[in-house]
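Here the structure comes first, spelled out in structure tokens, and everything after it is commentary.
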Amino acid sequence: QSTSEAENAAVIDFVGKLPPSTIDPHTAHDDDNHKLFRHTLRRVTAIQRVSYLNRGVADHGVKSPLAPLIPESFWTCLHDTAGREKLPWEHSVARCIENDALHMQLLTFSDFRLRRKGSVWSGGSMTANSKETPTEMRGMDAENGVSSVDQNDQSAQPFGEVRMRNKSKVETLAGDFEIDPLCRLRGMDVFQTDCPEEEVYRHRLLTGMRKVPTLVINIMVPWANILVYFQLPDWVKRFDDIEESSKDSEDTKALKRFLTAEDEYRNPRLFIIPSLVDAPLPIRMMAPAKKEITISCRSVPVKWYFQNETTGSDGSMRAALVEADLDLVTAKSVRKVASMVRPQTARITIDCALVISKPKDSENDEPSACLGMWRMEKVDLNGCAVLPPKTESEMVQEATVIMSTLQEEGPEEIAVAAG
């Protein structure tokens, strides 16, 4: 933004002189020339392709304060962009509800709340034996429908011994009921990037996150930030004020413990259960449809960020927010799988469930919860938005935090980390 017009012209002139093979974004070059091109292209996107949007003037006679900052190529599911038609995969994010295989697996957990097929989200506020619970469901698990985990069931192996329904009870329920997640799916964004960002809730263009209490799952892969937004129950306001009650349903207890605990408790209890719907053969070989792989966030680096509900000086309310940054870049083996998936994303359909459950090595009786579900269906990355680079002030703030962290760790810890 502080770059002069002469520098801008030089940047565009430089890009214009590059050979086509270097400019091709699909060319897998890692040499200095290609890195320089990618850096230069970022500058062009940030500096030259800024659209001074006047939607506010046209629609309401008021210019949005964000208008001068929104690049032409940027959009998010958090707010509507005038004249933009949604991509096919955006319409299918919630279609995971149609995945019978995933639902059959989730129905085995007796703590997960149910609703009649086709009914709406309960709001995540039902209590134990709530009147909102379907009459047919009350007390039925107190009969012979619940057992401990079946040790022959490979899909349940990553979990500890939690209360689970037996196969016959699951088959009975499957005809009329479906899982009612604690959190409502708000939407999903896929942002192209060479350097996935952490703490996305701070980004100036993603302000719509905090209209309602929100859980953000930030899946960082080498080529994108995949952001999945869930609306938390409305009792999530200030995390220090959350208290467990005897009237809470089992899944509500699980979420309250999860939100108020330390990372050492949270990380081994967060699971993503993927269910592959369609994919090319190499991807199917890594995740066979009938033997789903459960990804525990114990094996994936996770960082947590919590923001309490606040009220601004103008009286505006910013709802509570939880962000989980899942790092699929650092670990070499995970990064390799993510790189294999990248050229195939437009041919892959996968449903995922986000679950809190007891880890396998825990001996305590613990409740579990299904937080939410979503679908990624044939996402064409070429049509996805680009998350604009951070401003100079944002980078200065980030650098200050990094330097502060390094000073706290001391020279010995830094030397070990560098080694």
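Can you figure out the FRET efficiency of Arg318 with Ala174, using R₀ = 41 Å and their beta-carbon distance, to the nearest 0.05? Given R0 = 41 Å and the Cβ-Cβ separation, E is 0.50.
How much length is gained if the chain between Asp263 and Lys117 is pulled fully straight, taking 0.36 nm per residue apart and subtracting their Cα-Cα distance, in nm to one decimal? Stretched fully, the Asp263-Lys117 segment lengthens by 49.0 nm.
To the nearest 10, the accessible area of Thr207 is 80 Å² with a 1.4 Å probe. Backbone amide hydrogens, once placed in the peptide plane, bring Leu232 within less than 5 Å of Thr214, Leu215, excluding anything fewer than 5 places away on its chain. Straightening the chain between Ser404 and Phe239 buys 56.8 nm, computed as 0.36 nm per residue apart minus the Cα-Cα spacing. In this view, the solvent-accessible surface of Leu281, computed with a 1.4 Å probe and all protein chains in place, comes to about 100 Å².
Largest first, the residues Met209, Met285 sort by 1.4 Å accessible area into Met285, Met209. Of the cross-linked pairs Lys303/Lys336; Lys336/Lys358; Lys358/Lys378; Lys86/Lys303, those separated by over 27 Å at the C-alpha level are Lys336/Lys358; Lys358/Lys378; Lys86/Lys303. Estimated from the Cβ-Cβ distance and a Förster radius of 25 angstrom, the FRET efficiency linking Met285 and Asp380 is about 0.60.
Scanning residues 5 or more positions from Lys360 or on other chains, those with amide H under 5 Å from its amide H are Gly160, with H placed 1.01 Å from N in the peptide plane. Plainly put, the stretch 244-368 has a radius of gyration that is 1.05 times its Kirkwood radius, both from alpha-carbon atoms, as the Rg/Rh ratio.
Here the Karplus curve 6.51 cos²θ - 1.76 cosθ + 1.60, taken at θ = phi - 60°, turns the phi angles of the stretch 245-250 into couplings of 10, 5, 7, 5, 5, 4 Hz, with x standing for Gly and Pro.
Probe 1.4 Å, all protein chains in place: accessible area of Cys195 in Å², nearest 10? Rounded to the nearest 10, that gives 90 Å². Sort the stretch 175-239 into rounded, prolate or oblate with this rule: let a ≥ b ≥ c be the square roots of the eigenvalues of the Cα gyration tensor; rounded if a/c is under 1.5, and if a/c is not under 1.5, prolate when a/b is larger than b/c, oblate otherwise. Taking the square roots of the gyration eigenvalues as a ≥ b ≥ c, the stretch 175-239 is oblate. Stretching the chain fully between Asp100 and Ala346 yields a gain of 86.3 nm (0.36 nm per residue, less the alpha carbon separation). For the stretch 338-389, the share of accessible area belonging to carbon and sulfur comes to 48 percent (1.4 Å probe, ligands and nucleic acids excluded). The phi torsions of the stretch 364-370, fed into the Karplus equation with coefficients 6.51, -1.76 and 1.60 and a -60° offset, translate into couplings of 8, 6, 9, x, 10, 8, 9 Hz, rounded to whole numbers, with Gly and Pro shown as x. Coupling constants for the stretch 89-97 follow from the phi torsions by the Karplus curve (6.51 cos²θ - 1.76 cosθ + 1.60, θ = phi - 60°), and in residue order they are 5, 5, 6, 9, 4, 8, 6, 4, 4 Hz; glycine and proline get x. Put simply, the amide H of Thr193, placed in the peptide plane, has neighbours under 5 Å in Ala224, Asn225, leaving out anything fewer than 5 places away on its chain.
The values are calculated or read from the model by the stated rules, or taken from the named source; none is laboratory data. Every value quoted in this text rests on a predicted model; they were computed, and no experiment measured them. Because the Cβ atoms are built from the backbone with ideal geometry, glycine has one as well, and the counts that use them run over all protein chains shown. Quick note on the areas: whole protein, heavy atoms, side chains included, nothing else; ligands and nucleic acids left out. Shrake-Rupley method; radii C 1.70, N 1.55, O 1.52, S 1.80 Å.
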